[in-house]
């Protein structure tokens, strides 16, 4: 019985000791046409992020556009006036901010 317990415990120890595989969040936003922005979210392993929260927030912390990424992991919205940032929030440790200055002009 002791021998059996050791054989069962060893694989569990190896799994517990394996490093956690992190998939970093990614979000890219680009101008589309003269007054729209398209953002695409996903993870560094190549997986998409459908349904993940993507908010557009003014510098006064007011939510200008509150939404979620579509089935294709994108969201297109009207470019707000003034200064803003895009917040991709897939949960703790999986947050990306994209500042309007990094998006560029159409």
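Bear in mind these aren't lab numbers, they're just calculated from the coordinates by the rules spelled out. Every value quoted in this text rests on a predicted model; they were computed, and no experiment measured them. We place every Cβ from the backbone using ideal geometry, glycine too, and count neighbours over all the protein chains shown.
Please give, to one decimal in nm, the separation of the simple spin-label points placed at residue 71 and residue 102, each 7 Å out from Cα toward the Cβ.
Here the modelled spin labels are 3.0 nm apart.
Modelling each spin label as a point 7 Å along the Cα-to-Cβ direction, I'd like the residue 36/residue 63 distance in nm, to one decimal.
Simple spin-label model gives 2.3 nm for this pair.
Please report, for the Cα atoms of segment 23-103, the Rg to one decimal and the Dmax as a whole number; what are they, in angstrom?
Gyration radius and largest Cα-Cα distance of segment 23-103: 11.8, 34 Å.
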